[in-house]
Amino acid sequence: MKEFNLSEKSKNYYEENDIYEIFSIAEDKPNKIYECLLSNIKNRIVLDLGCGTGKFMQKFYMETVKYYGLDLSKEQLKIAKQKVNNENVQFICCSAENIPLPDNSVDVIISTWVLGTILEIDKRNKVFNEMKRVLKKDGSIYLVENDIGGEFEEIRNRYPNIKKTKDYNDWIENKGFICYKKIETYFEFKDKEEAKNVFTNIWGEEIGNKVKSQIIRHNVVVYKY
Ligand SMILES: C[S@@+](CC[C@H](N)C(=O)[O-])C[C@H]1O[C@@H](n2cnc3c(N)ncnc32)[C@H](O)[C@@H]1O
């Protein structure tokens, strides 16, 4: 059976990333995540780990000293490159298990919905160790993740059975991250059909059929290390 989801090898980061791009543009329509992170990246050397199609890069790079956009998928980076072309920005196509940057070289790492896509725990641990290696001693990591509850979790069958989200968020907290901010935001698609089509393409028909509106409420948690 075809597996539908947004885990590491999802078709939506490769041959069908046009769908991911629509999803990404709809996500956090009111820009609350951008507002939450902006002051923390200003005038810093930033690594956007798993930058995808450049949703945050596009808004942040001009505020930073240097912006590294790293992603495993060259197809995702291709879309990001169409949005950003600046000498301050360096694209890196590789797995975050081996980040080609020196020790203690980055002030801030932002990573939005990435570590949870890495389902193998050993691999995820390796990525976290690499993040700590490249981070300056007084640097910070911000992870943007799904919080327990809310419409987005309900639609994807992660609420009321909260186990998957809770296990992952517990993994983050056990690594020493603290909850920096909880944000109530929403996806806004062009219309209900677009929302339904995107959810069906990514998660399959059963989940797509649960989409009732072009707006989908989304509870987000920002973790800091
Ligand atoms: C859910 S998307 C998030 C993309 C982007 N951060 C955003 O907010 O739109 C997850 C991204 O992580 C990337 N990714 C998954 N595993 C990775 C790995 N091991 N190393 C680097 N990037 C990875 C995927 O290619 C994908 O672009």
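The values are calculated or read from the model by the stated rules, or taken from the named source; none is laboratory data. Everything numeric here is computed off the predicted structure, so don't read it as measured data. With ideal geometry, Cβ positions are generated from the backbone for all residues, glycine too; neighbour counts draw on all protein chains shown. Surface areas here come from the heavy atoms of the whole protein model, side chains and all, with no ligands, DNA or RNA. Shrake-Rupley method; radii C 1.70, N 1.55, O 1.52, S 1.80 Å.
The table below lists the values:
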{"read-out": "Low-density loop cleavage sites - GluC sites (Glu not before Pro) in region 61-165, where at most 11 other Cβ are within 10 Å (DSSP)", "value": "87, 120"}
{"read-out": "Among 132, 163, 55: highest mean-square fluctuation, GNM of the chain, C-alpha pairs under 10 Å", "value": "163"}
{"read-out": "Over 20 Å between alpha carbons, listed pairs 66/132; 181/212; 29/182; 132/164; 55/81; 74/181", "value": "181/212; 132/164; 74/181"}
{"read-out": "Beta bridge orientation in the chain: antiparallel %, DSSP, nearest 5", "value": "45 percent"}
{"read-out": "Longest to shortest principal axis, alpha-carbon extents of region 67-106, angstrom", "value": "30, 21, 8"}
{"read-out": "Considering only region 99-225, percent of DSSP beta bridges that pair antiparallel, nearest 5", "value": "70 percent"}
{"read-out": "Accessible area (Å², per residue) of the chain, counting only protein heavy atoms and a probe of 1.4 Å", "value": "48 Å²"}
{"read-out": "Accessible area of the chain belonging to carbon and sulfur atoms, whole % at 1.4 Å probe", "value": "47 percent"}
{"read-out": "Stretch gain in nm, segment residue 215-residue 16, where the contour uses 0.36 nm per residue and the Cα spacing is subtracted", "value": "69.4 nm"}
{"read-out": "Shape box of region 11-224 [Cα atoms, principal axes, largest first, Å]", "value": "47, 38, 30"}
{"read-out": "Inter-part distance where region 1-56 and region 194-225 are each reduced to a Cα centre, Å", "value": "14 Å"}
